[in-house]
Amino acid sequence: MAEEDGGGKDTSLIVTSDNIEMHRDKRRAAEKTKSGKPVPVEYRDIPFEQMYTTDIVECFVRSLARKEHMSYAQAENLPVSAPTYFISHAWNSLFVDLVESVKGALAGAAQADTYVWLDIFAINQDDTDGVFSAMKELDDGRTLASTIATSRATLVVLDKDRVIPLTRLWCLYEIGSTPPQKLQLVTHGFSENDVSQHIRNIDAETAQCFSPADKEMIHGEITGKFRFASMRHFTEELKLRFMLRPMSYESDLQALRERGQSNEYKLEELRAHVTSTGGRLACVVGGPGEGKSSVAAAALDLVHAAHFCKRADVRRQDVLEMVRSLGFQLGQQSDVVRKCLIDLDEDTAAKALVDPDVAVNAVLVGPLKELAKMRKHAVILLDALDEADDEVHTSNAAVGLLRYLAREARIGVSVLVTTRPEADRDYPRRRVLKYDWESGMQVFEPAQVLGSKAVAVEGKEESRLPEAWEHAMSSMQSSKVY
């Protein structure tokens, strides 16, 4: 609280149902003006259902922390373990809504094996003598980063009316620290469409942060550790994450990078084919162990976006998932594409999440045409194209996408694909692609790209997962995750 409102005093402020809204207004004002100082608060005769999370902290958590000088979880000897879920939320919302939202999101979870990390209980909230122990425990964001990395997912708990987490810098930082595939919005009792305008209005530059030191630290992390050129670029990245919900290919990329470390490459012809102009398709064809994935590893520096087909993962064969993930990567790489995506109207952006036709045209074709107008083009990699064949080898969603791009946005894109040779009963991938890409298509063998020190990969090259995981994923083929 500001000094004129009692901040910095030893005597407790008395908060009742009659003055609680005034108390919150003064607390928010002190937060905005950075004039707040610690003060004991005593709550009297206020229904629990009316208390915000910050009221819970002042009434129950902080009072115990001042006495015990440790976190609430430690002081109350609560059962703790490695976090299953990291909870990102704003303190300035009803606590019962937070609890109900998390409870609803985790309905069906095994209670004995599920642990949530909630800052108000996990971090020491002691502020004795104006020294906030929480800042030391957060360790310039390292504690959050470690917790998010360990957790299965980050649950961002939103309220319908104000959507406060999207206006708080700490929450945006937590969202930005979370890999896209681990990010889940929790909208208990309403849908994401109800808060879509708030998502479009995210602004990390103007987001509120109580402590100037915290704000400086977070800005430094975003432009330093996260390597964003500016807070504006970070804001646009967050918007694209919510808009497109991309898949993660981190395990695929890591496997390719490790595979490529032992190889020397002859990339000149391949590079010239796909980077000199748009409208080109390079098709690297080879059997198991001949080095297709090694070529893909070498090509990572040539491409702006990549999709890794995988028969054991149904999401990797879904054209809607492909489009959104490719569009997200292109938006990260190109200011032109990013602006096209950010400028999509609300209705189109919403349809692009569920309608493949809308997604292909709005997320890929439109931006690629804009690149072509500027005499630029994007380069896209589709690895293991044969793994996108359907079960009876009569169609291939990835091939269908490439055919459409050839017809609608050819000048704005060149493509590199890797694939196995087609067996007699396989879908005729190369012949179908040749029909649309015509003279722009060139076939390469892995040996044309791999140098004399290339290391052959034995076994089932396209398998990106340990055998136990491959079996588990295969058993899920009939399911679909949205």
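I want the antiparallel fraction of DSSP beta bridges within region 289-430, as a percent rounded to 5.
10 percent
Which length gain, in nm to one decimal place, applies between Val354 and Ser248 when the Cα-Cα distance is subtracted from 0.36 nm times their residue separation?
Contour length minus Cα-Cα distance gives 36.3 nm.
For the chain, what does the equivalent ellipsoid look like in terms of its semi-axes, each the square root of 5 times an eigenvalue of the Cα gyration tensor, given largest first in whole Å?
50, 23, 20
Solvent-accessible area per residue for region 239-392 at a 1.4 Å probe radius, Å²?
With all protein chains present, region 239-392 gives 39 Å² per residue.
Suppose we keep just the alpha-carbon trace of region 1-122; what are its Rg and Dmax in angstrom?
16.0, 49
Counting Lys and Arg as +1 and Asp and Glu as -1, what is the net charge of the other residues whose Cβ lies under 15 Å from the Cβ of Ser63?
-4
Region 73-162: percent of C-alpha pairs farther apart than 20 Å?
Of the Cα pairs, 41 percent sit more than 20 Å apart.
Can you find, among Thr16, Phe328, Val195, the residue sitting farthest towards the positive end of the charge dipole of the chain, where Lys and Arg contribute +1 and Asp and Glu -1 at Cβ?
Phe328
Semi-axes of the equivalent ellipsoid of region 107-211: what are they in whole Å, largest first, if each equals the square root of 5 times a C-alpha gyration tensor eigenvalue?
Calculated on Cα positions only, the semi-axes equal 24, 20, 13 Å.
Roughly how many percent of the accessible protein surface of the chain is carbon and sulfur, given a 1.4 Å probe and a whole-percent answer?
Its accessible area is 49 percent carbon and sulfur atoms.
So what's the back-of-envelope 222 nm ellipticity for the chain, counting only DSSP H runs of four-plus at -39500 (n - 2.57) apiece and dividing by all residues, rounded to 500?
Calculated at 222 nm, the ellipticity per residue is -11500 deg cm²/dmol.
Take Asp426 and Arg24, extend 7 Å from each Cα along the Cα→Cβ direction, and tell me the distance between the two endpoints in nm.
Simple spin-label model gives 6.2 nm for this pair.
Please state the Cα pair-distance histogram of region 140-284 with 10 angstrom bins from zero: what percent is in each bin?
The calculated distribution, bin by bin, is 10, 31, 29, 17, 12, 2.
If the chain between Glu264 and Asn201 were fully stretched, how many nm would it gain, using 0.36 nm times the residue separation less the Cα-Cα distance?
18.0 nm
Would you please give the FRET efficiency between Asp129 and Phe190, computed as 1/(1 + (r/R0)^6) with r the Cβ-Cβ distance and R0 = 41 Å, to the nearest 0.05?
0.45
With the convex hull built on the Cα atoms of region 202-359, state its orientation-averaged projected area in nm².
12.3 nm²
If I take all pairs of Cα atoms in region 371-439, what percentage of them are more than 13 Å from each other?
Tail of P(r) above 13 Å: 65 percent of Cα pairs.
Using the Cβ atoms and a cut-off under 9 Å, what net charge is assigned to the surroundings of Glu321, where Lys and Arg are +1 and Asp and Glu are -1?
+3
If we count every other residue with Cβ under 14 angstrom of Val337's Cβ, Lys/Arg +1 and Asp/Glu -1, where does the sum land?
+2
Simple spin-label model, 7 Å along Cα-to-Cβ: Thr16 to Gln332 in nm?
It works out to 5.6 nm between the two label points.
What number in nm² do you get for region 18-57 if you take the convex hull of its Cα atoms and divide its surface by four?
3.0 nm²
Give me the 1.4 Å probe accessible area per residue for region 30-113, excluding ligands and nucleic acids, in Å².
Computed with neighbouring chains in place, this is 54 Å² per residue.
If you take every DSSP beta bridge fully contained in the chain, what fraction is antiparallel? Give it as a percent rounded to 5.
Within the chain, antiparallel bridges account for around 10 percent of the total.
The values are calculated or read from the model by the stated rules, or taken from the named source; none is laboratory data. Computed from a predicted structure; not experimentally measured. All Cβ positions, even for glycine, are placed from backbone atoms using ideal geometry, and neighbour counts span all protein chains on display. All accessible areas refer to the heavy atoms of the entire protein, side chains included, with ligands and DNA or RNA removed. Shrake-Rupley method; radii C 1.70, N 1.55, O 1.52, S 1.80 Å.
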